[in-house]
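A short reminder: the numbers here are calculations on the coordinates, not readings from a lab. The structure displayed is predicted, hence computed values, not measured ones. FYI the Cβ positions are ideal-geometry reconstructions off the backbone, even for glycines, and counts take in every protein chain you see.
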Amino acid sequence: MSNSIVIASDKSWIEGEALRQLDHAASLPGMEKAVGLPDLHPGKGIPVGAAFLSRDIIYPHLVGNDIGCGMGLWITEQKAHKFKIDKAVKKLDGFEMPWGGNSAEELSNADLPPDLWPYALGTIGSGNHFAEFQSVDKVVNQDVFEEMALNKSQLYLLVHSGSRGLGESILRRHVDKYAGKGLEAGTEDFESYIARHNQAVDWGVLNRRIIARRFLEALGIDGERQLDVCHNSVLPFEGGWLHRKGAAPADQGPVVIPGSRGSLSYLVRPKAENQFALLSLAHGAGRKWKRSDAKSRLSHKYKVTDLTKTDLGGRVICEDKALIYEEAPQAYKDISQVIEDLIQFDLIEVVATLKPVITYKTRRR
């Protein structure tokens with residue numbers, strides 16, 4: 001009997017390969033439960049949009065290579081209605097280059113080794129990572145919105161990034177020795193992995209903070225962080241170990257669940273204890289198409305320039321011609337259905353919706 005469940009309605013399309021990967025992960029030794037969320041989709045051998053609870057053993061490959069990846073949200077001093085999009089687009093450049101600040105000092109201040117992957121600090125990375133300026137589309141729960149000290153008139157910045165090559169190096173070190181096998185609690189390699197994992201999580205938090213600083217400084221505005229949550233990690237949980245792979249925490253306050261660059265993002269507040277979902281939520285819309293399929297499906301319909309503007313009036317900065325197709329809104333599932341499923345299962349309440357204004361992917365050609 002399988003110990004995996006999928007939290008999704010009949011209206012949500014979940015690929016068979018994602019379900020197969022979820023069941024496989026659920027069958028690993030020591031695994032007690034595997035939960036697929038509404039954004040569940042296939043990954044490289046393991047599903048994305050899932051949480052896993054094990055006993056006395058952890059599986060680093062279930063966390064993946066981007067340990068500490070997550071979302072940070074900043075409220076800026078900029079009034080959204082006065083924001084000059086064209087001028088901002090011209091100023092937002094050069095973020096692929098190493099940050100020019102004092103990485104060693106920032107790392108030390110975060111209680112991290114000053115030489116820990118310093119040259120990647122402050123960079124977004126590739127794939128589905130981004131920095132996005134947003135405006136408030138609609139306030140759904142005014143009381144919670146005010147409790148968070150948010151303001152409907154302000155411009156916001158959402159940063160999605162992780163531990164860059166640091167997380168990759170940690171996973172590679174494990175896979176080279178153990179492949180897909182787990183690490184038993186209390187062993188030397190277990191303790192070593194957890195220590196490096198925790199450093200990568202902290203590195204990811206710092207990275208998002210510096211990315212935000214770079215973007216705000218480029219536009220000459222200030223901002224204040226409102227939240228930061230990690231969706232790739234493994235943590236102690238009820239005497240066992242909770243792995244999240246593309247799953248936002250439901251026990252750390254409000255979170256942002258983004259759509260694609262052409263759809264709304266949702267600021268939500270997790271509801272009461274949801275043990276059946278392993279205190280986890282969807283972390284986004286979830287991919288609908290493989291990256292390798294996106295360009296062939298879209299290139300005959302859309303030019304690259306067509307994809308630099310969205311139906312919501314936003315602008316997209318992405319000069320990588322392959323990536324702009326791979327990350328097109330059409331390649332993702334319907335975020336509104338993901339949110340509706342979470343509501344139906346009584347996991348969240350929506351606080352506000354956020355509309356993309358400028359989505360920055362890369363200037364690299």
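Things to note:
- Zone residues, the range 1-20, relative to ARG297, backbone N less than 14 Å from point 7 Å out along Cα-to-Cβ: 13-16
- Residues of type aspartates and glutamates that LYS321 reaches as a straight line, Cα spacing below 13 Å, ignoring anything fewer than 8 places off in the same chain: ASP306
- Cross-link reach list, lysines versus LYS181, counting only Cα pairs under 18 Å and skipping chain neighbours closer than eight places: LYS33, LYS44, LYS245
- Each Lys and Arg adds +1 at its Cβ and each Asp and Glu adds -1 at its Cβ; summed about the Cα centre, the range 4-362 shows a dipole of about 1440 debye.
- With contacts taken as Cα pairs under 8 Å and at least 6 residues apart, the range 15-172 reaches a relative contact order of 26 percent.
- Rounded to 10°, Cα long-axis angle of helix 164-178 versus longest principal axis of the chain: 20
- Between LYS152, LYS333, LYS84, the residue with the greatest mean-square fluctuation in the GNM of the chain (Cα pairs under 10 Å linked by springs) is LYS84.
- Value of relative contact order over the chain, rounded to a whole percent, pairs C-alpha under 8 Å and six or more apart: 25
- Ordering LEU183, TYR332, VAL234 by the projection of their Cα atoms onto the charge dipole of the chain, which places +1 on the Cβ of Lys and Arg and -1 on the Cβ of Asp and Glu, puts TYR332 at the extreme positive end.
- Cross-link reach list, lysines versus LYS138, counting only Cα pairs under 17 Å and skipping chain neighbours closer than eight places: LYS79, LYS152, LYS355
- Among beta bridges that DSSP assigns inside the chain, antiparallel share in %, nearest 5: 90
- Between helix 16-26 and the chain there is an angle of about 50 degrees, using the helix long axis and the longest principal axis of the Cα atoms.
- Cα gyration tensor of the chain - equivalent ellipsoid semi-axes, whole Å, descending: 30, 24, 21
- Considering helices alone, the calculated mean residue ellipticity of the chain at 222 nm is -8500 deg cm²/dmol, with DSSP H runs of length four and up weighted by -39500 (n - 2.57) and normalised per residue.
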